[in-house]
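Following: one structure in structure tokens, then a few remarks.
The values are calculated or read from the model by the stated rules, or taken from the named source; none is laboratory data. Keep in mind that what you see is a predicted model, and the values were worked out from it rather than measured. Note that we place each Cβ from the backbone using ideal geometry, even for glycine, and neighbour counts take in every protein chain shown.
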Ligand code: SF4
């Protein structure tokens, strides 16, 4: 095949490619909620980019148990994505807010519902680094299905974490990842790309974060959030308009990241996908996810770029 005609999955280790290889069929994530509000918001001290009504499917909040959330969401997508219902299979993705925050027995009962649900193959729990502790990890001991914890690392640079009012430091990131390592828990990382303080012609600061991720052996997945500034978010009041991340700039940074990221890491998300649905964003990011993916594919094909081509493992350095 001509290298300019390759698909994205020929060049990067995407979520769908990884799960298709693992199970032999497509697997979809269902975004679930513990229905517990974010602990920072409850204290009135939230991350300055975050506004609640951009969260995935707020209808989920009408269903007070996990079985009902799974049934509601799977019915919504089933006919569109599965031709053969025998292969209908999902990942229970506890995605909203901080899914390790709350009464430990209540959280355990939610995770066990997902664990026992026949359509669920795996579980992912997404949370902040400062809400990962031994008590929480112990409670996961009796989950039978494969599970993973995704951690909102965002960046290794404390100045950027402060800029976003994240209320945690990189030292919290290190402590959380080390604890997950100690418990041998499969781990994912969320990163925010586009902090104005990390603007650099050669993407020095972002690539330092990628290098740190590469060196954490238990990190198997990564999820990128291109920084979106919503009109109502606190961040809109402090960011210079000239610093807003636009599509060409993000594609340039993403291309550098792809070259440098460890080849075995699964890239679970390339773009923040619900941007224009809310019509509330200040960034210049025209089009829809399909178009952005096509542009990325064109860029990678143009220069024959593939995941990890610049990566050098520790043992080879
Ligand atoms: S990004 Fe997460 S931790 Fe921060 S305010 Fe939003 S829900 Fe809370």
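Filtering 209, 127 for residues that are touching a strand residue (DSSP E or B) at 6+ places or on another chain (Cβ under 7 Å) and within 16 Å of the ligand (Cβ to nearest atom) leaves a single hit, 127. When 295, 307 are checked against the criterion of being assigned to a loop (DSSP other than H, G, I, E, B) and either at pLDDT 90 or above or surrounded by fewer than 18 Cβ atoms within 10 Å (Cβ to Cβ) (or both), a single residue qualifies: 307. Residue-level analysis places residue 83 outside the set of residues that are at pLDDT below 90, surrounded by fewer than 17 Cβ atoms within 10 Å (Cβ to Cβ), within 11 Å of residue 30 (Cβ to Cβ) and out of contact with any helix residue (DSSP H, G or I) (no Cβ under 6 Å at 6 or more places or on another chain).
For region 91-103, the condition of being farther than 30 Å from residue 40 by Cβ and either surrounded by 13 or more Cβ atoms within 10 Å (Cβ to Cβ) or away from the ligand (no atom under 16 Å from the Cβ) (or both) holds for none of the residues.
In region 4-38, the qualifying residues are those that are within 22 Å of residue 228 (Cα to Cα) and over 16 Å from the mean Cα position of the chain (by Cα), and the one that is nearest to the ligand (Cβ to nearest atom) is 38. Considering region 192-201, the residues that are touching a residue at least 12 places away in the same chain (Cβ under 8 Å) and surrounded by fewer than 20 Cβ atoms within 10 Å (Cβ to Cβ) include one that is farthest from residue 270 (Cα to Cα), namely 197. For residue 116, the criteria (1) over 24 Å from the mean Cα position of the chain (by Cα); (2) surrounded by 21 or more Cβ atoms within 10 Å (Cβ to Cβ) hold in every case but one, which is (2).
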